[in-house]
Structures are given as structure tokens and as C-alpha cells.
Amino acid sequence: MPLEAGMIRHTFPVEWSERYLSEKYADIDPLLSQARSEAYPFHWFKVEDKMKLSQQQRVFLKELKQAGLRDGLAIPIFGPIGTMAFFGLGSMTGPLDLEAQDIAELQLACQYTHNTFITLSADFPIREPVPPLSPRETEILTLVAAGLSNIAIAEKLGITENTVDTILRRAFKKLGANNRITAVLKGIGSGLILPE
């Protein structure tokens, strides 16, 4: 999706939004760069503590402040079929004074908004629902996601390696996967397993 289409709702100053697009700031925006590799929300102007900034990125942050933005919270969101979103909540009045619980609630609201947007989007592929995994399939696939071999899983659960293999093959079939990595990714992407 082009950046312009992704900037659906915002209250940034019009001049700043136009400049951001015309100068192609998305190519150097350190907030976007950090959001791609960050799992948790972070304050905009603390990005300097998280990554080494180029001269262009330092100028970008300076211009952001000059546009009147005093603080902001970046909320990276990862959704279905590999989609990624970035929610930016800016403040023109001063520092955002948010408790950890407030930030967690904002992150949850942004996650829900993104998932709903993607699901309702005309470009979202309609997929057949994945059949639920049995508790044992879930347990074993979670251990695969943790990096354990079939032998290690068998020892940990007190079952045979053959049983582990059989259960994994059933999970593969349900997930439409033909290897461990694909099964784990599909399991996580479908919300059927949570990696430890």
C-alpha cells in the first residue's frame, strides 16, 4: 500500500504532512525504522537511545519538533498475513504522561483497529479458517517454536520420538504446512500457538 493511502487519519499539521510526503521522509524516518524491529511502544524522542541516527535522521527529528510536536508515542503493530502498521500518537502541548497500563491499552486498541482494517480491506485474501489444534499438537508445536528437536520434545514429554513425529504431521496437515518452520509461522500467525 502506498504511504499516502496508509495515512488515513491524522491530526498532524497540514504543512508537516505535506512536507513528509513530498520530501519522502518515510525513507529516513527513524521512528518507522525502529518500529519495524520493535515489539513494544516507544516515545519518539527516545529513539536516539535505541539506534544510531544518521545526520538526516537527526535533522528529521529536529524538524518534527519545529513543526510543533513535543512528544509522541510510536506503537508498532503486526497483523495477519505479515502486515505491519505504525500508529503515532503525537502531542503538541508537552510530554505524554502515560502509565504502563495506559500504553498497553492503547497498543491493544491499535492492534484491534489494524486487524479490523486489514480484514475489511478489499485486498485482504479470504482464507479458510485453520482447524483448531489439539492440546497435544499445540504443546508440541510450541516446543518446536522454542527450538527443540523431536528427540528433545519426546524426552521432555515422556513420549516416543515416533509419537512426536505423528502428532507433528497431524498439525502440519491442519496448518497446510510441509515443514517445521512453516508450521510454526502459520501457527503463530493464526494465533494457535504463542512462542515461549
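The values are calculated or read from the model by the stated rules, or taken from the named source; none is laboratory data. Bear in mind the structure is a predicted one, so any value in this text is a computation, not a measurement. Reconstructed Cβ throughout: ideal geometry from the backbone, glycine too, with neighbour counts over all protein chains shown.
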> When GLU99 is evaluated against the numbered criteria (1) in contact (Cβ under 8 Å) with a residue 24 or more places away in the chain; (2) surrounded by fewer than 15 Cβ atoms within 10 Å (Cβ to Cβ), which criterion, by number, is the only one it fails?
Replying inline: (1)
> If we scan the range 50-59, do we find a residue that is among the small types (Gly, Ala, Ser), at pLDDT 85 or above and not in a helix (DSSP H, G or I)?
Replying inline: yes
> Which pairs have Cβ atoms under 8 Å, sit 6 or more apart or on different chains, and link a residue in the range 42-53 that is touching a residue at least 40 places away in the same chain (Cβ under 8 Å) to one that is assigned to a loop (DSSP other than H, G, I, E, B) and hydrophobic (A, V, I, L, M, F, W, C)?
Replying inline: HIS43/LEU96; TRP44/LEU69
> Within the range 14-57, how many residues turn out to be closer than 24 Å to CYS110 by Cα and among the basic types (Lys, Arg)?
Replying inline: 3
> In the range 85-96, how many are surrounded by fewer than 12 Cβ atoms within 10 Å (Cβ to Cβ) and among the aromatic types (Phe, Trp, Tyr)?
Replying inline: 0
> Can you pull out the residues in the range 157-175 that are free of Cβ contacts under 8 Å to residues at least 12 places away in the same chain and more than 16 Å from THR138 (Cβ to Cβ)?
Replying inline: GLY158, THR160, GLU161, ASN162
> Taking the condition over 25 Å from VAL14 (Cβ atoms), touching a residue at least 12 places away in the same chain (Cβ under 8 Å) and of a type in the set (Ser, Thr, Tyr), does THR116 pass?
Replying inline: no
